[in-house]
Amino acid sequence: MSQNITLENGCVKKLFFKFALPSILGMLIVSLQIMVDGLFLSKGVGAQGLAAVNLSMPLINLLLSIALMICIGGGVLVGIASGNGDETRAKGLTSLTLVLLLTTLLIISVLLLSNFETVIMLLGANDETYVLVKKYLAILIPGSIFFSMPIFTETFVRIAGKPNQVFISGSVCFIANVFLDYIFVLKLGMGMEGAAIASCFANMFGALTLFHHMRFGKIICTLKDIKEIFYNGSSEMLTVISSAITIYIFNIIIMKNIGVLGVSALTIVFYINSIVNISLYGLSQALQPIISYNLGANRIDKIKDVLKVALKSGAAIGLTTFIGMHLFGDKIIYLFSNGNKELADLTNKAIFFFTFAYLLSFINIISSSFHTSIEKPFESAFISCGRSIIFVLIPLFILPVFIGEIGIWLAIPIAELICLGISIPLMKKSLKKLPLSI
């Protein structure tokens, strides 16, 4: 760990990109994997299949948010322990994190399946989508342990100082998912069940490629450590939960104002949006091991330097994607619309307004991750909830009344703009409060 993250005389920028590039590429592959699912479902099931996936996403994101909370929370403690030179504690906390992850997901899956019919209705499924949502979630809920395992392996491989392995894991996951989607969805005609099975197996294959890099030890299981894992990771969980709630509310409003076609268009928008957000999350995750380690080692100058590099890189990603979508967005949408002109036109309209968020979101995402890394989960959660739900709901409920469906697509860009007024001052304040380097 120390050989990979400590920089006595090295270049912060070089170290950051050593962690960031594999992380971004790995998460981009995950994003492409999600889009591949959509492509196969659009051909194998149709627009209703895309709508069913989006209606299922709030619950899927809830399960992933729990996994993310536990893994990120454990990762922060492991990173700080490694920075302090306590490798025995670091290994023990890694083992504890895995046990907490498996146990928690198992309990929640049992609870969800015990109330399955009610859960599906609460997600907003109607007569057109009910059966499809049920088929999809009947696989993904019990398979959440397999589906979320790469979150654990990739988090701790980065902390172990081997970020390049994340790219390998993502590549295995992507290739397996394309192959299995083709077999299950198209060749065997299994539709929604096929896509769900493919996702579970593909993610598990990706995770297995990293398990031999894990550094386990005798489980450290004190109540304080468990509380800190859940507390430190709570902001990351709230980020995903807030997004899940937002998707849920979007689905309800769009079903009411536009119908199933509108939810299908939203699904395509979110597929494309996932490329940007996952790239930025990959960037922000590269911050976590570097900042946590240098916080433990009391090298605050390195924390400030790497934060500057991350913000510049995030700006480049946001601007490039914004320009690219305005130039080539219609070609990407055509792949998902499967010849449905009405769906393509509606999605193009949504994308035009939605992409303005890309010029702002990188600051909020990086600021949230930065606060998690310095053990300030409350500030991180406040930023995450602000951009994901609090500041989204205000324009989402108000604007459509005055400007129609355009107000729906403008809700997220406006939320990102409002959130900047919170995230930038908080980041400046937190930087000033960091202790001086020794």
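The values are calculated or read from the model by the stated rules, or taken from the named source; none is laboratory data. This one's a predicted model, so the numbers in the text were calculated from it and none came from an experiment. Here the Cβ is made from the backbone with ideal geometry for all residues, glycine too, and neighbour counts use every protein chain on show. With ligands, DNA and RNA removed, areas are computed over all heavy atoms of the protein, side chains included. Shrake-Rupley method; radii C 1.70, N 1.55, O 1.52, S 1.80 Å.
Could you go through segment 365-374 in sequence order and give the Karplus-derived ³J(HN,Hα) for each residue, using 6.51 cos²θ - 1.76 cosθ + 1.60 with θ = phi - 60°, rounded to whole Hz, and x for Gly and Pro?
Per residue, the Karplus-derived 3J(HN,Hα) values read 5, 5, 4, 5, 5, 4, 5, 4, 5, 9 Hz.
Cβ neighbours within 10 Å, averaged per peptide: list 274-281, 402-409 in order, most packed at the top.
274-281, 402-409
Would you please give the residues with an amide H less than 5 Å from that of MET190, counting only those at least 5 places away or on a separate chain, with H modeled from the backbone geometry?
The list, which skips near neighbours in sequence, is VAL185.
Percent of Cα-Cα pairs more than 24 Å apart in segment 67-183, please.
Numbers: 2975 of 6786 pairs.
Of all Cα-Cα pairs in segment 67-183, 44 percent lie more than 24 Å apart.
Where Rh denotes the Kirkwood radius from the mean inverse Cα pair distance, what is Rg over Rh for segment 128-172? Display every interim value, and only then the final one.
Working: Rg = 15.2 Å, Rh = 12.4 Å.
Checking Rg against Rh, the ratio lands at 1.23.
Out of residues 5 or more away from GLY233 or on other chains, whose amide H comes under 5 Å of its own, with H placed 1.01 Å from N in the peptide plane?
Placed amide hydrogens put GLY73 under 5 Å from GLY233.
So for the chain, considering every pair of alpha-carbon atoms, how many percent are separated by more than 34 Å?
Values: 26734 of 95703 pairs.
More than 34 Å apart: 28 percent of the Cα pairs in the chain.
Which order do the peptides 106-119, 192-205 come out in when sorted by mean C-beta neighbours inside 10 angstrom, highest first? Please list the in-between numbers first.
Values: 106-119: 12.6, 192-205: 23.6.
In decreasing order of mean packing, 106-119, 192-205 become 192-205, 106-119.
When you count, for each residue, the other Cβ atoms within 10 Å and take the mean per peptide, how do 85-94, 363-372 rank with the highest first? Intermediate values should be presented prior to the final figure.
On the way: 85-94: 18.9, 363-372: 26.9.
Order by mean packing, descending: 363-372, 85-94.
Rounded to the nearest 500 deg cm²/dmol, what is the calculated helix-only ellipticity per residue at 222 nm for the chain, with -39500 (n - 2.57) per DSSP H run of length n ≥ 4?
Numbers: 19 runs with 357 residues, N = 438.
That comes out to -28000 deg cm²/dmol.
Using Cα springs under 10 Å in a Gaussian network model of the chain, which residue among ALA138, ALA47, ALA286 shows the largest mean-square fluctuation?
Comparing ALA138, ALA47, ALA286 in a Gaussian network model of the chain, the most mobile one is ALA138.
Applying the Karplus parametrisation 6.51 cos²θ - 1.76 cosθ + 1.60 with θ = phi - 60° to the phi angles of segment 165-177, what ³J(HN,Hα) value in whole Hz is obtained for each residue in order, glycine and proline being reported as x?
Using θ = phi - 60°, the values come out as 5, 4, 5, 4, 4, x, 5, 4, 4, 5, 4, 5, 5 Hz.
At R0 = 41 Å, how high is the FRET efficiency between GLU87 and LEU111 if r is their beta carbon distance? Nearest 0.05 is fine.
The value I calculate is 0.65.
So which of LYS256/LYS349; LYS14/LYS312; LYS162/LYS432; LYS304/LYS429; LYS302/LYS429 end up more than 21 Å apart by C-alpha? Display every interim value, and only then the final one.
Numbers: LYS256/LYS349 18 Å; LYS14/LYS312 14 Å; LYS162/LYS432 31 Å; LYS304/LYS429 13 Å; LYS302/LYS429 17 Å.
Cα-Cα > 21 Å for LYS162/LYS432; rest within.
Could you please state how large a percent of the accessible area of the chain is carbon and sulfur, counting protein chains only and using a 1.4 Å probe?
Ligands and nucleic acids excluded, carbon and sulfur give 69 percent.
So what are the ³J(HN,Hα) numbers for segment 195-211, from phi and the Karplus equation (6.51, -1.76, 1.60; θ = phi - 60°), rounded to whole Hz, Gly and Pro as x?
Listing the rounded values in order: 5, 5, 4, 4, 5, 5, 5, 4, 5, 5, 4, x, 5, 4, 5, 9, 4 Hz.
Using a cut-off of under 19 Å, list every residue of segment 254-271 whose amide N is near the label point 7 Å from the Cα of VAL131 along the Cα-to-beta-carbon line.
260-261
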